[in-house]
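To keep things clear, I will list the structure first and then write my remarks on it.
The values are calculated or read from the model by the stated rules, or taken from the named source; none is laboratory data. Because the structure is predicted, anything quoted here is derived from the model rather than measured. Using ideal geometry, Cβ is built from the backbone for each residue, glycine included, and neighbour counts are taken over all protein chains shown. Just the protein is used for accessible areas: all its heavy atoms, side chains included, with ligands, DNA and RNA removed. Shrake-Rupley method; radii C 1.70, N 1.55, O 1.52, S 1.80 Å.
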Amino acid sequence: MSSENTNYFTKDNLDEYLKELGKEYRRLNGKSMPAEIILIGGAAIIVNYGFRDMTTDVDAVIHAVSSMKDAINRVGNKYNLPNGWLNADFMKTNSYTPKLNEFSVRYRQFANVLNVRTVSAEYLVAMKLCSGRKYKKDLSDIIGILYEHEKRGAPLTMEDIDRAVCNLYGGWDNIPADSVSFIKETMKNGNYEKAYQAVSDEEMRSKELLVQFEADYPKVTNTENVNTILENLKRKKKKEQER
């Protein structure tokens, strides 16, 4: 495979990077020190589903000795990948819970030492609801998951999602109110294919607004104020269009 930096990850190249990561980790630690990675976010989407074919980084829960960082860097250098191409920053967010260890599922093993797990179906939906970012792909990912399971003849129910939310977070108290409204309306209305496109388009518009705002006002937005800023930007944009 070419070592050009494509700055995105697909199922095929992600498997190749993980295979190389397993080899590097084994070179550093031998066979007696296994490691475990739980893929979440976009990485979990692309290995489980077909509606999204790429992600820009690999978020994971990492259980390994400290030399895993060296192995990750070596793979990054070999393939000219972005710094932090595989990272555990997610573990600092509200969506993280130690319960993920219990409810993750096996994906693959690499080099007989790197066990890779992932999160599927209702648990991915629960995590996306907890995050609920309107300027990322959280909401469209939820609809994509619902749509794919409907096409497979194994639709997710609200009971499935409720069970996952309770298992991961102990209930709905930590889920943003907007996310609760969103999933109720989405499950009620159905027509996931049409809804997916509409929500994806809105997420793109929201991202464009925030990118422009951050270019005009660097270092202003943060996780606490981003939703308020976004809503203000949308109102301003709407007024401009109505003139």
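Taking Asn167, Asn101, Asn77 in turn, the Gaussian network model of the chain (Cα-Cα springs below 10 Å) assigns the largest fluctuation to Asn77. In this Cβ point-charge picture (+1 for Lys and Arg, -1 for Asp and Glu), the chain has a dipole of about 280 debye about its Cα centre.
Rg/Rh for the stretch 97-206 to two decimals, with Rh computed the Kirkwood way over all alpha-carbon pairs.
Ratio of gyration radius to Kirkwood radius: 1.00.
Convex hull volume per residue, computed on the Cα atoms of the stretch 51-109, equals 140 Å³. Restricting the calculation to Cα atoms, the stretch 53-153 yields a radius of gyration followed by a Dmax of 15.1, 43 Å.
Across q = 0.18, 0.19, 0.24, 0.26 Å⁻¹, the stretch 1-80 modelled as identical point scatterers on its alpha-carbon atoms has Debye log10 I(q)/I(0) values of -0.76, -0.84, -1.22, -1.33, in the order of the q list.
Mean sequence separation of contacting Cα pairs (under 8 Å, at least six apart), scaled by the length of the stretch 40-186, corresponds to a relative contact order of 20 percent. For the stretch 158-243, the fraction of C-alpha pairs farther apart than 15 angstrom is 71 percent.
With all protein chains in place and a 1.4 Å probe, the accessible surface of the chain carries 46 percent carbon and sulfur. What the chain shows is 55 Å² of accessible area per residue, with the surface traced by a 1.4 Å probe over protein heavy atoms.
Of all DSSP bridge pairs formed entirely within the stretch 38-156, close to 65 percent run antiparallel. Projecting the Cα positions of Tyr217, Pro155, Ser131 onto the charge dipole of the stretch 131-243 (unit charges on Cβ atoms of Lys, Arg, Asp and Glu, taken about the Cα centre) puts Tyr217 furthest along the positive direction.
Its Kirkwood hydrodynamic radius, worked out from the mean inverse distance over all distinct Cα pairs, puts the stretch 170-211 at 11.9 Å. Over all projection directions, the Cα-based convex hull of the chain averages an area of 14.9 nm². Straight-line reach from Lys238: taking Cα to Cα under 18 Å and skipping same-chain neighbours fewer than 8 places apart, the lysines in range are Lys134, Lys207.
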